[in-house]
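Laboratory data are not the source of any read-out in this text; all were calculated from the coordinates shown. The structure presented is a predicted model; accordingly, all values stated were derived computationally and were not measured. Here the Cβ is made from the backbone with ideal geometry for all residues, glycine too, and neighbour counts use every protein chain on show.
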Amino acid sequence: MTGNSRFAVAVHILSLLVTQRDERLSSDRIAESVNTNPVVIRRIIGMLNRAGLVQTMPGVAGARLTRLPEELTLLDIYWAVQDDPKEGLFAIHEHPNPDCPVGQNIQAALQGAFCRAQTAMERELSQVTLSDMMQAILFPA
């Protein structure tokens, strides 16, 4: 599953936890809503747990948010489910041909644009909370 898919699924999971806060949702139940395998759900919940966004208990189904939805930004969620925090939105291929005029300059040419795109994305995600997402989910325009 790609980082972007993990991010969307993580938001889905956390949204379910908010709407069903009085229940202990199993990974099977969450997987039904996401339409994926429960193993995928458990893996993402593990990432959210390691990032401190949810709390889980061994042997007990379900997870609980550790913050209020209005205190949790999409940027928090995005970073929680990244495999490598050093990788940004876009990766630059590492070994272009140095004998090619494009290959010898492509990395430097892309670096600035990719950095600006990453910064803009992070700024936008930092302005949207899980509470905002819940409003959009529960009361679509």
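So for each of 57-63, 10-16, 42-48, 70-76 I average, over its residues, the number of other beta carbons within 10 Å; can you give me the resulting order with the highest mean first?
Ranking, from highest mean packing down: 10-16, 42-48, 70-76, 57-63.
Please report the relative contact order for the chain, taking Cα pairs under 8 Å with a sequence separation of at least 6, and give it as a percent rounded to a whole number.
Result for the chain is 26 percent.
Tell me the label only: which of (i) 2, 9, 19, 21, 19, 15, 9, 5, 1; (ii) 2, 9, 17, 19, 17, 12, 8, 6, 5, 3, 2, 0, 0; (iii) 2, 7, 10, 11, 11, 10, 11, 10, 9, 7, 6, 4, 2, 1, 0 is P(r) over Cα pairs in 5 Å bins from 0, in percent as calculated from this structure?
(ii)
Taking 0.36 nm per residue of sequence separation and subtracting the Cα-Cα distance, how much length would be gained by fully extending the chain between GLU124 and ILE92, in nm to one decimal?
Working: separation 32, 0.36 × 32 = 11.52 nm, distance 2.24 nm.
Taking GLU124 through ILE92 to full extension adds about 9.3 nm, to one decimal.
If I take R0 = 22 Å and measure r between the Cβ atoms of GLU32 and GLU70 in this structure, what FRET efficiency does the formula 1/(1 + (r/R0)^6) give, to the nearest 0.05?
E(calc), rounded to 0.05, equals 0.20.
Pop out the ³J(HN,Hα) list for the range 39-55 in order, Karplus 6.51 cos²θ - 1.76 cosθ + 1.60 with θ = phi - 60°, rounded to Hz; leave Gly and Pro as x.
So the Karplus estimates, Gly and Pro as x, are 4, 4, 5, 4, 5, 6, 4, x, 5, 5, 5, 4, 7, x, 8, 10, 10 Hz.
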